[in-house]
Structure formats: C-alpha cells, structure tokens
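Chemist: Structure provided below as structure tokens; questions to follow.
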Amino acid sequence: MKNMNINIRLNENQQIAAGYEEKHILVLAGAGTGKTLTIIARAEHLIRKGVDPKRILLLTFTRRAAKEMTDRLYLSLGSAANEVMAGTFHHFCLLTMRRMANKFEIKEFTVIDRDDQNSLMKLSRASHVEKGEIFPKSPELVNIYSYSRNTNMNALEYLNKYKEDDEKTSRKIIDVFIEYDKRKQLNRYLDFDDILHRFAKKLHEDSSIGDQLRLFYDHILVDEMQDTNPLQWLILDGLRDPAKLFCVGDDAQSIYAFRGADFRNVHSFKERVPDSVVLKLEDNYRSTQEILDISNWLLKRSALNYNKNLKAQRGKGIKPALMDFESDLDEARWIVKDLIKRHETGSSWKDHMILTRTAWASRSVEAMLIEKNIPYIFIGGLSFLQAAHVKDLLCLVRAAASHYDELAWIRYLTLWPRIGHVTASRLISSMKETGNMREALEQISNKLKKDQQKIVEGPKTIIKYWDTPANALSAGASFLEPILSERYDKWNLRRKDFDLLVRLAERYRNLVRFIETYTLDPITSTAATRLENQDVATLITVHSAKGTESPVCYVIRAEPGMYPHIRSVGNEDDEEEERRILYVAMTRAKNELILTRSESQSSYSFSYGDASEAYFLSTMPDKLAEKYYQYELHFDEDSDYNSYGIIRPRNNDKYM
C-alpha cells in the first residue's frame, strides 16, 4: 500500500486494511491493535483519493467514540472531516428518519428512554392483569419486548423459545405488548427499539425508501462490529451495494449477547457477504507479551477458532500474578493495601483499575475502598440522566416540547403539591384536545386554582429560551429548585448535576436534539465525574470496561462460579461468551495484570458441581503466572510475607 496518501502512521497490516479496494472488508482487530486508528485511516484514505466526505457513513456504538474519530480525522483533513456522517446506529437512524419524517411517519414523535418504557409498560400491564395475579413485572416485560425486537424475532416466537410460561400467560404478554404499542402511537412516542426497528422495516419493505437511502453513501465504516445485533445487521445489509462495508471488530470481544448482540455478525461475515475479504490485526500496542501470553492461551483453549495470536510491540514485562485468599474480605484488604502502597511510592490512583464480573461481586472491595478513604469511581452503575432530580428537569423540557407527551407531563405535574396522578391525567386529557402548545397551556391554566398558576410558568420558561439549550436548562433548573430542594436530600451535591447538564448543552443549538442525543447515548454519573479529571481509582464491571485500559488491572473474584458465571454453566454458547468476558478483562492491562480469587466464595460455587470443571483457569500452565496463596494476612514488618503480604505458593493449591 505504498501509494496510500495519508498522514496517519500505520503498520503494514493496518496499511493493507485502510487502503484495500473493491471488496467489502471485515478487519478482525484484536485487543489493543489499533482498530480506531485503522478506521480513521480508512476514512482519510477514501477522502484523499477523491470520495466526497458526505458520502461516507461512520457508525459507532457511543457518541464519545464518534466524536473521538471525527476529532482525529480533523487533525489530518481539516473541515472535510466534519462532513462525514458519524454517530451511533440510533443517532444515524433517528436523524435520517427526522429528515424524512413523513415517509417514516414520525412527525412530532418524542423519543422515550428505558424508564419511560417501564412506566408505559406498567400502564399497559394494568389494563390486562388483575391485582395479585402472578405475571411478569414491567421491567421484565420491557426486556422481553426489547430483546425480541433487537433480535428481529416475533415476540411469541421469542417467548416459546426462551421462556417457560404457559400458553395463556404468553398470549396475555402479547396482549400487553399490543396495548403498549397502541399507547406509544397515541402519545406519539418512539422508544429505543422503534428507532432501529422502524428504520430497518422501511428500508427493506418500502422500495422507494430503500432505493433512496442506498444512494446516499458510497462507503459505510462500522466500529465494534462484534456488538451489532440482528436488527443492526439488517440495516447494514440493506444499505450495502453499491456502498461498500468496512467493518472493524473482534469476535473474541463479543460479550453483549444479553443485549441482543450477534456473535455471528463477525464470525460468519464472509458467509453472509460473499464479495468480501477478512483481514487481521494482531500487533498489540497496549500490553506486554506476558499479559498477551495468558490472554492468547485462554482463547486457544476454546473449541471455536478465533484464529488470532496477539503479539506485543512493547516487548516483555511483568508476569501476571494469580493470588488466592481465604475469603473475599482478605482479598479486598490486600487489594486496598496494595493500592495504598503503590500510591505512597508515587503511582497515581487513576493508574489502577479493578475489574469485576458483576457489581454484586465487588461489594467487599468497594466497602474496603470506602473504609480506607481511597478515592474511586464505580462504572457500571446508575446513568447520569437516570438520576431522579435530573429526570425531573428533563421532563419539564419534554413537557414544553410537546403537549402529547403524557409521561413527561405526569412527572412534571405530580412534582407539585396537591396534584396526584388522577388530577394530572385529567389535565393532560384536556390538553390533548387542543391544537398546539399555546392552547394547551391556556387550557391547563383555566383548570388550575389561583395558587397553582405557577405550574404553567415552567414550560413557558423553557419555551422562552428554546433556541439556547444551555440557557433553557439553567432557567428550568432555577425554576424547579424550590420544589426539588425540598424533595431530595443532599441537595447541594445534586444541584451540581444541573451545572454539568448546562455545560453539556452549551455545544447544542437545538434543545430537542440535545435531549435526544443524551437519551440515546446517556452519560454515566461516573463518566461525569471523569470530566473533572480527578485522580481516582476505577472500579468497573467488565461489560463496562471494553474500550478502556489501565497500567495496573486487578481482575477480582477470578474463581469457579464466576468465570464462567454459574448461570452459564452447561450452555455451550453462554460458556463461550464467558470466556470472551474474561479475555476482555485480561486485555485491559497495560503493564500489570493481577488475578485474585477467594476460596470461601468459590467453595460456594463448588456445590453446583460442574462449576469447578468448567472453570477457565483450572488448567492454566504455571509458566503463565506467578501464583501466591495465603490463609492469614499480617501487614507488619516482622512477618514472613513478601512485599505484597502474600505467602508464596504451596503444593495444596486446590484450584490447580
């Protein structure tokens, strides 16, 4: 690829991938091999050879990833980078449908998030389920509904395949879903699943729309291909030809089946796209070879052919450690002790990441971090925009945007004293009979008492600043503060979230666009903390860690019953995904990988029988890790423990 005219420095395999011509391309990019660099280089190569940047579509899974790519592309190409259509699948589909609102039949529709889905499903459920009847709760119903749609399955087909409900219950679930769809249409709502489902359906079933959309782009670049679900595959399949696909992903990092991600979208790419080529990136720039040796070994133990062997471009380093403890508390105490020792010798807190298979499994470590006053953030928790007080402000904005938005208006109205759901529903019904927002506010004002007229001022305040989102949010926050400060504790801390929200909105000119952007790709409270560039250790679930890295990584509870998780034991596909989860955890480490496990916790897993037999690390060769074992911790200078406070290996290691 010597003729490639690009500014980005690439290795030979990256150059081949970025400059490959004619065919559809899948780039199998192992962990730390520079997939982001390669996909950016591909975009630069296309533009430099004359492709109109407007005819390049770049699809990612987070807004942050899309921004990072366009920012880096801008450094090479300048303003041309801003003409590339870059964003998440949801963002692209919604933006396209908004531009063709009549054809997609979504004019004046409001996007709702998962909490709103739960609320609407609860109302739909109440219409069909008697009080006290044994029946799935609303969150479970939303999960079933969402999963069936994202996997492009009929809901009844999904229930028959994956659930054990009797026929009567299954039929009633379908009735609830039908009611839910009716309520969405009545209130002009689009949930997350509608965005992809409606786009894919129109793309394949309406030839006028499909033909028009296929003329928009010449090249479609897809990041994190292994995370795509069947619905997203239908979208890519419907947009390709004449457009060429350039998909970058790693089948060994496909860990989101619970969200509907389809491992086969990568693993069977060549069979699905006959006119295609599969290229590989195996040069790892993140980790040392010792960390990659244990990661490569884990993949090679699989019956599947992942067909990759990562090679460290940084050379050799510290051998991973495998550390056994008598209890999860001892495990937690040692990790905290090690963190403190490293910090005292000059390491930053932020150079340390603690990876946990589940949030529940980290409870002892988190308690010890708090006890020892170690600054940390937890990633994998509550979404920033899901915090109650933030949702209160956003529901005011949504109420000002549409008098059809029943859920937003119910939440806003019931914030006020002496207004319950019955009164709120009556007021909303009267608003829906009007033709526009001005008439709706007049209608509601006529039905409110004199001392309640301030309620109408909230939406009017937002409308006043509609074209300046930051000002609208700031004014809305000030308007609601007297009510919310009485409603929530620790208000001074909560109030700072509004300041963050205002700062985020400063980059937007359209208030609805801002709300939709963060509804589709919510920023987490921990990510919000990171905006302050604080020096904090990171406690993170493995599912939240993909795409991250850290100089030192502790993979806690790496024991039977956790890798693979006890729930997956006996199911071949599930067990294999668990292997990939551990692989993702291991490959986050740059300099040091420390695997810890607790005998008391895993002995509980042994009672399940097959958990210990399926355990991934049970046959790990001694040469791949330094092994340590302890029964009692004594952190004093006169003890016989080494610098980590751990007795060196014994011959009675029960795991090996």
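Chemist: Give me the residue from the range 341-350 that is in a helix (DSSP H, G or I) and open to solvent by 50 Å² or more (accessible area, probe 1.4 Å) and, out of that set, nearest to ASN591 (Cα to Cα). I'd like the intermediate steps shown before the answer.
Modeler: Here is the first cut: in the range 341-350, the residues in a helix (DSSP H, G or I) are 341-344, 349-350.
When the remaining residues are screened for being open to solvent by 50 Å² or more (accessible area, probe 1.4 Å), the result is 341, 343-344, 350.
Values: LYS341: 17, HIS343: 16, GLU344: 19, LYS350: 14 Å.
Ranking the qualifying residues of the range 341-350, first place goes to LYS350.
Chemist: Checking MET323 against (1) open to solvent by less than 20 Å² (accessible area, probe 1.4 Å); (2) of a type outside the set (Gly, Ala, Ser); (3) at pLDDT 90 or above; (4) not in a strand (DSSP E or B), which test does it fail?
Modeler: Just one mismatch for MET323, condition (4).
Chemist: Oh, and also: Here is a list: LYS496, LYS464. Which entry is charged (D, E, K, R) and at pLDDT 90 or above?
Modeler: Of LYS496, LYS464, the one residue that is charged (D, E, K, R) and at pLDDT 90 or above is LYS464.
Chemist: Restricting attention to the range 281-310, which residues are part of a helix (DSSP H, G or I) and either among the acidic types (Asp, Glu) or over 21 Å from LEU322 (Cα atoms) (or both)?
Modeler: If we filter the range 281-310 for residues that are part of a helix (DSSP H, G or I), which is where we start, we get 289-300.
Listed by number, the residues that qualify are GLU290, ASP293.
Chemist: Right, something else. Check off (1) assigned to a helix (DSSP H, G or I); (2) open to solvent by less than 30 Å² (accessible area, probe 1.4 Å); (3) touching a helix residue (DSSP H, G or I) at 6+ places or on another chain (Cβ under 6 Å); (4) modelled with pLDDT of 90 or more for SER605 and give me the number that stays unchecked.
Modeler: Every listed condition holds for SER605 apart from (4).
Chemist: Could you check the range 266-276 and list, in sequence order, the residues that are over 14 Å from ARG240 (Cα atoms), touching a strand residue (DSSP E or B) at 6+ places or on another chain (Cβ under 7 Å) and surrounded by 15 or more Cβ atoms within 10 Å (Cβ to Cβ)?
Modeler: We begin by selecting, within the range 266-276, every residue over 14 Å from ARG240 (Cα atoms); these are 266-268, 270-271.
This time we only want the ones that are touching a strand residue (DSSP E or B) at 6+ places or on another chain (Cβ under 7 Å), so: 266, 270.
Answer for the range 266-276, where residues must be over 14 Å from ARG240 (Cα atoms), touching a strand residue (DSSP E or B) at 6+ places or on another chain (Cβ under 7 Å) and surrounded by 15 or more Cβ atoms within 10 Å (Cβ to Cβ): just VAL266.
For every residue, the table says whether it meets (1) within 30 Å of ASP206 (Cα to Cα); (2) in contact with a helix residue (DSSP H, G or I) (Cβ under 7 Å, 6 or more places away or on another chain); (3) not polar (S, T, N, Q).
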{"site": "ILE235", "(1), (2), (3)": "yes, yes, yes"}
{"site": "PRO242", "(1), (2), (3)": "yes, no, yes"}
{"site": "SER254", "(1), (2), (3)": "no, yes, no"}
{"site": "GLY260", "(1), (2), (3)": "yes, yes, yes"}
{"site": "ARG264", "(1), (2), (3)": "yes, no, yes"}
{"site": "THR288", "(1), (2), (3)": "no, no, no"}
{"site": "SER295", "(1), (2), (3)": "no, yes, no"}
{"site": "LEU299", "(1), (2), (3)": "no, yes, yes"}
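Chemist: Moving on to the next point. When the residues of the range 380-403 are narrowed to those that are modelled with pLDDT under 75 and in a helix (DSSP H, G or I), which ends up most open to solvent (accessible area, probe 1.4 Å)?
Modeler: GLN386
Chemist: Here is a follow-up. Check SER430 against each of (1) open to solvent by 20 Å² or more (accessible area, probe 1.4 Å); (2) among the polar types (S, T, N, Q); (3) farther than 21 Å from PHE514 by Cα and name the one condition it does not meet.
Modeler: Status for SER430: all satisfied but (1).
Chemist: Quick test of your reading of the structure: GLU179 fulfils all but one of (1) closer than 21 Å to LEU231 by Cα; (2) surrounded by 15 or more Cβ atoms within 10 Å (Cβ to Cβ); (3) not basic (Lys, Arg). Name the failing condition by number.
Modeler: (1)
Chemist: Still on this structure: Could you identify the single residue in LEU407, LEU480 that is touching an Asp or Glu at 6+ places or on another chain (Cβ under 9 Å) and at pLDDT 95 or above?
Modeler: On the way: LEU407 fails: at pLDDT 95 or above.
Unique residue meeting the criteria: LEU480.
Chemist: Follow-up question, since we're still on this one. What are the residues in the range 461-501 that are in a loop (DSSP other than H, G, I, E, B) and either surrounded by fewer than 16 Cβ atoms within 10 Å (Cβ to Cβ) or over 30 Å from the mean Cα position of the chain (by Cα) (or both), if any? Break it down into steps so the answer makes sense when it comes.
Modeler: So the first thing to find is which residues in the range 461-501 are in a loop (DSSP other than H, G, I, E, B), and the list is 465-468, 488-490.
Scanning the range 461-501 gives TYR465, TRP466, ASP467, TYR488, ASP489, LYS490.
Chemist: Here's a follow-up. Within the group ARG411, ARG418, ARG357, which residue is farther than 30 Å from ILE335 by Cα, of a type in the set (D, E, K, R) and buried (at least 20 other Cβ atoms within 10 Å of the Cβ)? Talk me through it step by step, then tell me what you get.
Modeler: Values: ARG418 fails: buried (at least 20 other Cβ atoms within 10 Å of the Cβ); ARG357 fails: farther than 30 Å from ILE335 by Cα.
The match here is ARG411.
Chemist: Further, regarding this structure: Report, ordered by the first and then the second residue, all pairs with beta carbons closer than 7 Å, sequence separation of six or more or different chains, a first member in the range 432-449 that is closer than 17 Å to THR414 by Cα, and a second member that is outside any helix (DSSP H, G or I).
Modeler: SER445/GLN453
Chemist: Would it be correct to say that GLU577 is of a type outside the set (Lys, Arg), modelled with pLDDT of 90 or more, surrounded by fewer than 22 Cβ atoms within 10 Å (Cβ to Cβ) and closer than 30 Å to ASP497 by Cα?
Modeler: Working: of a type outside the set (Lys, Arg): yes; modelled with pLDDT of 90 or more: yes; surrounded by fewer than 22 Cβ atoms within 10 Å (Cβ to Cβ): yes; closer than 30 Å to ASP497 by Cα: no.
No: the conditions fail for GLU577.
Chemist: Look through PHE246, PHE263 and report the one residue that is under 24 Å from the mean Cα position of the chain (by Cα) and open to solvent by less than 20 Å² (accessible area, probe 1.4 Å).
Modeler: Values: PHE263 fails: open to solvent by less than 20 Å² (accessible area, probe 1.4 Å).
Answer to the selection: PHE246.
Chemist: Here's a follow-up. Among the residues in the range 51-62, are any more than 22 Å from PHE199 (Cβ to Cβ) and open to solvent by 30 Å² or more (accessible area, probe 1.4 Å)? Quick ask: steps written out before the conclusion?
Modeler: Within the range 51-62, the subset more than 22 Å from PHE199 (Cβ to Cβ) is 51-53.
Subsequent filtering for residues that are open to solvent by 30 Å² or more (accessible area, probe 1.4 Å) retains 52.
For the range 51-62, residues more than 22 Å from PHE199 (Cβ to Cβ) and open to solvent by 30 Å² or more (accessible area, probe 1.4 Å): present.
Chemist: Another question, then. Looking at LEU234, LEU141, which is the one that is at pLDDT 90 or above and open to solvent by less than 30 Å² (accessible area, probe 1.4 Å)? Don't jump to the end; show me each part of the working.
Modeler: On the way: LEU234 fails: open to solvent by less than 30 Å² (accessible area, probe 1.4 Å).
None of the others qualify; the one that does is LEU141.
Chemist: Another question, then. Cβ-Cβ under 8 Å, sequence separation 6+ or interchain: first residue in the range 579-591 and at positive phi, partner surrounded by fewer than 23 Cβ atoms within 10 Å (Cβ to Cβ) and modelled with pLDDT of 95 or more. Which pairs?
Modeler: Filtered contacts from the range 579-591: no entries.
Chemist: What residue, of ARG171, ARG214, is at pLDDT 90 or above, open to solvent by 30 Å² or more (accessible area, probe 1.4 Å), more than 28 Å from the chain's Cα centre (by Cα) and more than 20 Å from MET100 (Cβ to Cβ)? Before the answer, list the steps.
Modeler: On the way: ARG214 fails: more than 20 Å from MET100 (Cβ to Cβ).
After applying the criteria, what remains is ARG171.
Chemist: Spot the failing condition for ASP328; the list is (1) out of contact with any Phe, Trp or Tyr (no Cβ under 8 Å at 6 or more places or on another chain); (2) surrounded by 20 or more Cβ atoms within 10 Å (Cβ to Cβ); (3) under 30 Å from HIS267 (Cα atoms), and only one is missed.
Modeler: All conditions pass for ASP328, except number (3).
Chemist: Then there is this: Condition first: farther than 23 Å from ASP116 by Cα, part of a helix (DSSP H, G or I) and at pLDDT below 95. Can you find one or more residues in the range 411-434 that meet it?
Modeler: Scanning the range 411-434 turns up no residue that is farther than 23 Å from ASP116 by Cα, part of a helix (DSSP H, G or I) and at pLDDT below 95.
Chemist: Turning to a different aspect of this structure: With the range 1-100 as the region, which helices (runs of 4 or more DSSP H) entirely inside it contain at least 1 residues that are in contact (Cβ under 8 Å) with a residue 40 or more places away in the chain, in contact with an Asp or Glu (Cβ under 9 Å, 6 or more places away or on another chain) and farther than 19 Å from PHE216 by Cα?
Modeler: Values: elements: 12-19, 35-48, 63-77, 89-99.
Correct list: 12-19, 35-48, 63-77.
The values are calculated or read from the model by the stated rules, or taken from the named source; none is laboratory data. Worth saying up front: this structure is predicted, and the values here are computed from it rather than measured. Here Cβ is always computed from backbone atoms with ideal geometry, including for glycine, and neighbour counts include all displayed protein chains. For the accessible areas, the whole protein counts, side chains as well, though only heavy atoms, and no ligand, DNA or RNA atoms are used. Shrake-Rupley method; radii C 1.70, N 1.55, O 1.52, S 1.80 Å.
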